[in-house]
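Below you'll find the structure, written out as structure tokens, and then a few comments.
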Amino acid sequence: MYDSSQLRMESKFKWTQHANTIAGGNEQGNKLNQLCYPRGIHIDNKGQSIYIADSSNHRIVQWKFGENSGQIIAGGNRIDQLSFPTDVIIDQKNNSLIICDQGNRRVVRWSLASQQLIQIIIEDTNCSGLQMSESGDLFVADMERHVVKKWKKDENEGIIVAGGKGKGDQLDQLNRPTFIFVDQQDTVYVSDRNNHRVMKWLKDAKKGIIVAGGHGNGNSSTQLSYPQGLFVSKTGNVYVADQGNHRIMRWPPESQNGHVIVGGNLRGKESHQLRGPIGLSFDAHYNLYIADSENNRIQRFEFDRK
């Protein structure tokens, strides 16, 4: 059960409605001050920077907060290094990045100490999103096979933890899953993109539970449109990038209705608008970061402490 006082407190959380552009925003391109269809993002609170899967530039870029340009950390030189990377996370213990290298159908580990140290850790997967548990297990969404698999350290075979019954909209199925979130109990949350819903799969469960959307493609408070980036708070609130509706939603636990927290002001490029948001993340101060993909920029919405 969730703590009711914490739930009430989080229900009052708000963010400024006009964002600051902290990376990109200089039209589409491959210069160091540009991005091209960014997707997954990862905040490095310690290093005061953000790692960006700059997908159509086939590279991972590190952008330090306050800087006007980024630094290429992985890929960017040849398409056989990275091809359309969709997500990235930091493995602090091994001082490396783990990257969904979707175009090359693999997951790779890229050393932060030496860009020459590249290791393929999972092959033959149409990886769309990934997460690492506290124990070091890797969870990977495979969009093509409509599953999420868990890969334990030093094991060559993953086990299915969500989906696995083919493409579909039943509770034991997924339809092109994208981003995932894994909590301390190894509960897996999945943006079930083409079913316009977010699913929750308890550890060892055979079926999932709908926790957001699930009422078809639409823009009402009960609907999502091609959900992408995902974060779940300790109180069970689901935060999801509602790509087709150009907004970010918060879905309280066991609620049929979500609430718009930023965006939702039609499709556009103004500071209060989004255009096809995909990646979603928070920093240690609850500031919200969005990969505003069709605007080729990363937006930061400040946590409103009033």
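The values are calculated or read from the model by the stated rules, or taken from the named source; none is laboratory data. Only a predicted model underlies this, so the values are computations on that prediction, with no experimental measurement involved. We place every Cβ from the backbone using ideal geometry, glycine too, and count neighbours over all the protein chains shown. Protein only, heavy atoms only, side chains kept; ligands, DNA and RNA dropped before computing areas. Shrake-Rupley method; radii C 1.70, N 1.55, O 1.52, S 1.80 Å.
Filter segment 1-30 for residues that are assigned to a helix (DSSP H, G or I) and not basic (Lys, Arg); which is least open to solvent (accessible area, probe 1.4 Å)? Show your work before the answer.
Of the residues in segment 1-30, the ones assigned to a helix (DSSP H, G or I) are 4-11.
Still in the running and not basic (Lys, Arg): 4-7, 9-11.
Numbers: Ser4: 67, Ser5: 59, Gln6: 99, Leu7: 48, Met9: 122, Glu10: 16, Ser11: 73 Å².
Ranking the qualifying residues of segment 1-30, first place goes to Glu10.
If the requirement is being within 17 Å of Asn95 (Cβ to Cβ) and either under 21 Å from the mean Cα position of the chain (by Cα) or not in a strand (DSSP E or B) (or both), which of these qualifies: Lys149, Lys153?
On the way: Lys149 fails: within 17 Å of Asn95 (Cβ to Cβ).
Answer to the selection: Lys153.
Just give me the residues in segment 240-276 being more than 17 Å from Ala19 (Cα to Cα) and among the hydroxyl-bearing types (Ser, Thr, Tyr), in sequence order.
Matches in segment 240-276: Ser255 only.
Can you tell me how many residues within segment 249-273 are out of contact with any His (no Cβ under 9 Å at 6 or more places or on another chain) and under 19 Å from Ala284 (Cα atoms)? Steps first, please.
Residues of segment 249-273 that are out of contact with any His (no Cβ under 9 Å at 6 or more places or on another chain), as a first pass: 253-255, 257-261, 269.
Still in the running and under 19 Å from Ala284 (Cα atoms): 261.
Residues in segment 249-273 being out of contact with any His (no Cβ under 9 Å at 6 or more places or on another chain) and under 19 Å from Ala284 (Cα atoms): 1 in total.
Only one of Gly279, Gly208, Gly213, Gly258 is within 30 Å of Glu27 (Cβ to Cβ) and among the small types (Gly, Ala, Ser). Can you tell me which?
Details: Gly208 fails: within 30 Å of Glu27 (Cβ to Cβ); Gly213 fails: within 30 Å of Glu27 (Cβ to Cβ); Gly258 fails: within 30 Å of Glu27 (Cβ to Cβ).
Among Gly279, Gly208, Gly213, Gly258, only Gly279 is within 30 Å of Glu27 (Cβ to Cβ) and among the small types (Gly, Ala, Ser).
Answer yes if at least one residue in segment 145-158 is within 14 Å of Ile180 (Cα to Cα), at pLDDT below 95 and open to solvent by less than 20 Å² (accessible area, probe 1.4 Å), and no otherwise.
No - not one qualifying residue is present in segment 145-158.
Please work out which residue is least open to solvent (accessible area, probe 1.4 Å), limiting yourself to segment 58-93 and to residues that are touching a His at 6+ places or on another chain (Cβ under 6 Å) and part of a loop (DSSP other than H, G, I, E, B).
For segment 58-93, the residue satisfying everything is Leu82.
Which residues, taken from segment 282-306, are open to solvent by 10 Å² or more (accessible area, probe 1.4 Å) and within 14 Å of Gly40 (Cα to Cα)? Walk me through how you get there before you give the answer.
So the first thing to find is which residues in segment 282-306 are open to solvent by 10 Å² or more (accessible area, probe 1.4 Å), and the list is 282-287, 294-297, 300, 302-306.
Of everything in segment 282-306, those that are open to solvent by 10 Å² or more (accessible area, probe 1.4 Å) and within 14 Å of Gly40 (Cα to Cα) turn out to be Phe282, Glu294, Asn296, Arg297.
Would you check if Pro277 is modelled with pLDDT under 95 and touching a Gly at 6+ places or on another chain (Cβ under 8 Å)?
Numbers: modelled with pLDDT under 95: no; touching a Gly at 6+ places or on another chain (Cβ under 8 Å): yes.
The answer is no for Pro277.
Taking Ser114 as meeting all but one of (1) within 24 Å of Asn287 (Cβ to Cβ); (2) in a loop (DSSP other than H, G, I, E, B), write down the number of the exception.
With (1) within 24 Å of Asn287 (Cβ to Cβ); (2) in a loop (DSSP other than H, G, I, E, B) applied to Ser114, the lone miss is (1).
Identify all residues within segment 47-59 that are closer than 24 Å to His285 by Cα and under 17 Å from the mean Cα position of the chain (by Cα); write none if there are none. Spell out the reasoning first.
We begin by selecting, within segment 47-59, every residue closer than 24 Å to His285 by Cα; these are 47-53.
Across segment 47-59, the qualifying residues are Ser49, Ile50, Tyr51, Ile52, Ala53.
For segment 183-203, which positions are assigned to a strand (DSSP E or B) and surrounded by fewer than 23 Cβ atoms within 10 Å (Cβ to Cβ)? Break it down stepwise before answering.
Kept after step one, since they are assigned to a strand (DSSP E or B), are these residues of segment 183-203: 188-192, 197-201.
Lys200, the sole residue that qualifies.
Do we find that Cys127 is open to solvent by less than 20 Å² (accessible area, probe 1.4 Å) and in contact with a Gly (Cβ under 8 Å, 6 or more places away or on another chain) in this structure?
Values: open to solvent by less than 20 Å² (accessible area, probe 1.4 Å): yes; in contact with a Gly (Cβ under 8 Å, 6 or more places away or on another chain): no.
Spelling it out, it is not the case that Cys127 is open to solvent by less than 20 Å² (accessible area, probe 1.4 Å) and in contact with a Gly (Cβ under 8 Å, 6 or more places away or on another chain).
Out of all the residues in segment 31-45, is one or more of a type outside the set (A, V, I, L, M, F, W, C), at positive phi and open to solvent by 50 Å² or more (accessible area, probe 1.4 Å)?
Keep residues of segment 31-45 that are of a type outside the set (A, V, I, L, M, F, W, C), which gives 31, 33-34, 37-40, 42, 44-45.
Applying the additional criterion that residues be at positive phi yields 37.
The next check asks that each one be open to solvent by 50 Å² or more (accessible area, probe 1.4 Å); those that pass are 37.
Yes, that holds for at least one residue.
Identify, from the list Ser55, Ser96, the residue that is without any contact (Cβ under 8 Å) to a residue 24 or more places away in the chain, buried (at least 19 other Cβ atoms within 10 Å of the Cβ) and on the phi < 0 side of the Ramachandran plot. Let's see the steps before the verdict.
Details: Ser55 fails: without any contact (Cβ under 8 Å) to a residue 24 or more places away in the chain.
Going through Ser55, Ser96 in turn, just one is without any contact (Cβ under 8 Å) to a residue 24 or more places away in the chain, buried (at least 19 other Cβ atoms within 10 Å of the Cβ) and on the phi < 0 side of the Ramachandran plot: Ser96.
So, in segment 235-268, of the ones that are open to solvent by 10 Å² or more (accessible area, probe 1.4 Å) and assigned to a strand (DSSP E or B), which residue ends up nearest to Leu288 (Cα to Cα)?
Looking at residues that are open to solvent by 10 Å² or more (accessible area, probe 1.4 Å) and assigned to a strand (DSSP E or B), I get Ile261.
Out of curiosity, is Ile180 buried (at least 23 other Cβ atoms within 10 Å of the Cβ), of a type outside the set (Gly, Ala, Ser), modelled with pLDDT of 95 or more and within 18 Å of the chain's Cα centre (by Cα)? Don't jump to the end; show me each part of the working.
Details: buried (at least 23 other Cβ atoms within 10 Å of the Cβ): yes; of a type outside the set (Gly, Ala, Ser): yes; modelled with pLDDT of 95 or more: yes; within 18 Å of the chain's Cα centre (by Cα): yes.
Considered against the rule, which asks whether it is buried (at least 23 other Cβ atoms within 10 Å of the Cβ), of a type outside the set (Gly, Ala, Ser), modelled with pLDDT of 95 or more and within 18 Å of the chain's Cα centre (by Cα), Ile180 comes out as yes.
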